Amino acid sequence: MSHVDVLVIGAGITGATAALALAEAGLSVEVVDAYGPAAMASGWTLAGVRQSGRDPAELPLALAAVAEWPHLDEKLGAPTRYRQEGNLRLARSDDEVEIIKRLVASQSALGLHLTFLPTLSDVRSVAPAISDKVIAASFCPTDGHADPVATVTAFLAAAERAGARLTYGERVVSLEREGGRITHAVTDRRKIAAGAVLIAGGIHVNDLLEPLGETIPLTVPIVTVVQTTPVAPTLGPVLGVANANLAVRQEANGCFRLTSGREDFDDTLAEENGRPLARPRIKQVATTISRVAEVLPVVGETRFQAVWGGLLDLTPDALPVIDHVPGLENAVVAAGFSGHGFGIGPVTGPLAADLVLGRAPRFPLDAFRFDRFTGLEANAAELTLHG
């Protein structure tokens, strides 16, 4: 039987950044994941790094993360392909214009640099390829995007250099407790004695929590993601829309990555070549392409490369849980990021690590407490200003 100071369950952005913080604090750390780096939500994501559209409780974390992103390549010794080229939130109707105006007013009052672009000409001054279906937009110049798999892999590699052990292709199936402490994790291969556990397993978090008598009320919708073949640089900022039914960015390699709004997922998660696979409906793929091409016509002229579904661990208020598991002093959960955890990962992982280490986190975590859901059933929040 192996022993570790901290067992991190999940090799997404949260688990990866927490593992690095814990290893740098001098603890023995093992990261265990059923698949590998960014195999699920962190890799499926649009991979925006944004502050705009954040809940006020999450905005301070996003502001702090954006301050870190420009320096991550140097810190990690590997490329994240981060680009700070802004986020345009498009309005396609008078009703959407009012939504965007309210967004600019509320978030400007919170200190975010966000401007209202009242005409198509103003929008095209930022993104010339935008179609005439767009009548206004907001623009946050300090938002951006990155490569999700490269970023998570870089964090994990840095954690490994700091002494963490990375174990892929192994699934944690249960946690054993004695009184108010977790003593062991049982995988599909072995038993691990753990001084502490960080559960960062995304949509699978309740598989481990429920036998302990706790759950996070989650729904698991699907977002369709389409990737094109590479084309010449056309789009700098990430594009979203007021009603959250599309988003798009152009990756550093020239591919466009398109995402839909959320839809109910009534299928099961499959596996293909040892990787998880969520299959969106064909009609949703077609709708996603059509909607994006309507605001960014060049997309309709590109060639299709890949399609996949991204499953969201969506909480009732679309905010994550970053807290101790109730009644367990050495178990911390960081999950429920609701499809927008990638950009804030460089901050949220270390916050979870602070809880594991028993030190005061650098930001208040009251809004992310486990017990805020007491008595609530899983009830999907409306995803707004997605992307």
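The values are calculated or read from the model by the stated rules, or taken from the named source; none is laboratory data. Quantities reported herein were computed from a predicted structural model and do not represent experimental measurements. For neighbour counting, all protein chains shown are included, and Cβ atoms are generated from backbone atoms with ideal geometry for every residue, glycine included. To get the accessible areas, we keep the full protein, side chains included, count just its heavy atoms, and leave off ligands, DNA and RNA. Shrake-Rupley method; radii C 1.70, N 1.55, O 1.52, S 1.80 Å.
Annotations
- A protection proxy built from the mean count of other Cβ atoms within 10 Å ranks the segments 62-68, 223-229, most packed first, as 223-229, 62-68.
- Leu117 long-range amide H proximity, modeled H, under 5 Å: Ala137, Ser138, Phe139
- Long-range tail of P(r) for the stretch 264-362 (Cα pairs > 24 Å, %): 48 percent
- Estimated distance in nm for a label pair at Asp371 and Asp94, the labels positioned 7 Å out from Cα along Cα-to-Cβ: 4.9 nm
- Apportionment of accessible area to carbon and sulfur, the chain, percent (1.4 Å): 50 percent
- For the stretch 73-118, the equivalent ellipsoid built from the Cα gyration tensor has semi-axes of 31, 14, 7 Å, listed from largest to smallest.
- FRET E, pair Tyr168, Asn253, Förster distance 35 Å, beta-carbon r, rounded to 0.05: 0.90
- Cα lying deepest toward the dipole's positive end in the chain, options Val295, Pro280, Ala335, charges on Cβ: Val295
- Cα gyration tensor shape of the stretch 1-55, rounded if a/c is under 1.5, else prolate or oblate by comparing a/b with b/c: oblate
- Accessible area in square angstrom per residue, the stretch 97-233, 1.4 angstrom probe: 42 Å²
- In the stretch 192-314, the alpha-carbon atoms span a convex hull of 167 Å³ per residue.
- Segment Glu301-Val149, length gained on full extension (0.36 nm per residue, minus Cα span): 52.1 nm
- Proximal charge balance of Ile322 [Cβ under 11 Å; K/R count +1, D/E count -1]: -3
- Computed P(r) (all Cα pairs; the chain; 10 Å bins; percent): 5, 25, 34, 24, 10, 2, 0
- When each of the peptides 146-159, 186-199, 102-115 is scored by the mean number of other C-beta atoms lying within 10 Å of its residues, the order from highest to lowest reads 146-159, 186-199, 102-115.
- Spatially proximal lysines relative to Lys283 (Cα-Cα < 29 Å; intrachain offsets below 8 disregarded): Lys133
- Solvent-accessible area per residue for the stretch 243-380 (1.4 angstrom probe, square angstrom): 43 Å²
- Bridge type composition, the chain - antiparallel percent by DSSP, nearest 5: 70 percent
- The simple spin-label model puts a point 7 Å past each Cα toward its Cβ; for Lys75 and Asp267 those points are separated by 3.6 nm.
- The C-alpha atoms of the stretch 20-81 occupy a region whose extents along the principal axes are 36, 26, 25 Å, arranged from largest to smallest.
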